Amino acid sequence: MNTETVAILNTLEALTERVQALEAHAEANAHSPSDASSTVASADFWALHGVEQRRASDPSTADGVVMLVGSVTLPDGSPVAWQESAGTAGLLEVDWANHAASFAALGHTVRIELLRHVLSGTHATADLAAIESLGTTGQLHHHLRQLISTGWLRQSGRGNYEVPAARVVPLLVAVVGAAR
């Protein structure tokens, strides 16, 4: 064999190995969470595998994708299910400063505690004011205004507050993320 033929055969062999490795990787990631042949690690990351599959098939997520997802039953029995995803293209290049107020609202011990109480079922101003750790009535109203202005709370009636459904899962995700 001449050197050109040997080079072509070597290239073909290398390409065959790469295709086999890619196919094995794709097959390993194709298991669903209910697939009994999945490994424990695959079962632990079933949501991630779904995101990766979408990423591969959707041009808007070619650079990456992040997702918030959750299904919660609140103490009052209300179900909340939420899913939000975004492609990461350009995410590191845009200004994040307009999100600072929302993060700052969560950064105060009284406000984060206030959100926990509202999610736990204490909605009325009078009931919230009775909780010593939330401060005086004036302080409570200050914190309520901060949380309303940043969208973490909304008034659900005169003197009643709730965490909007679209904020329940993101709030809980932020708490879980902060605990890591």
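The values are calculated or read from the model by the stated rules, or taken from the named source; none is laboratory data. In this text the structure is predicted, and so the values were computed from the model without any measurement. No Cβ is skipped: glycine too gets one built from the backbone with ideal geometry, and neighbour counts run over all protein chains shown. What goes into the accessible areas is simple: the full protein's heavy atoms, side chains included, and nothing from ligands, DNA or RNA. Shrake-Rupley method; radii C 1.70, N 1.55, O 1.52, S 1.80 Å.
Note on the stretch 123-156: residues that are farther than 24 Å from residue 98 by Cβ and touching a strand residue (DSSP E or B) at 6+ places or on another chain (Cβ under 9 Å) amount to 5. Scoring residue 94 on the criteria (1) surrounded by 18 or more Cβ atoms within 10 Å (Cβ to Cβ); (2) among the β-branched types (Val, Ile, Thr); (3) not in a helix (DSSP H, G or I) leaves a single failure, condition (1). Of everything in the stretch 125-147 that is loosely packed, with under 15 Cβ neighbours inside 10 Å and hydrophobic (A, V, I, L, M, F, W, C), the residue that is nearest to residue 109 (Cα to Cα) is 131.
Scoring residue 72 on the criteria (1) under 17 Å from residue 167 (Cα atoms); (2) open to solvent by 50 Å² or more (accessible area, probe 1.4 Å); (3) β-branched (Val, Ile, Thr) leaves a single failure, condition (2). Which pairs turn up if I take residues in the stretch 41-67 that are over 20 Å from residue 82 (Cβ atoms) and look for partners that are basic (Lys, Arg) with beta carbon separation below 8 Å, at least 6 apart in sequence or on another chain? That search, which allows pairs on different chains as well, returns 62/55; 64/55.
If a residue has to be touching a Gly at 6+ places or on another chain (Cβ under 9 Å) and basic (Lys, Arg) to count, how many in the stretch 151-174 make the cut?
1
So if I check each of 109, 150, which one is open to solvent by less than 60 Å² (accessible area, probe 1.4 Å), of a type in the set (Val, Ile, Thr), at pLDDT 90 or above and closer than 16 Å to residue 171 by Cβ?
Details: 109 fails: open to solvent by less than 60 Å² (accessible area, probe 1.4 Å).
Checking each option against the conditions leaves just 150.
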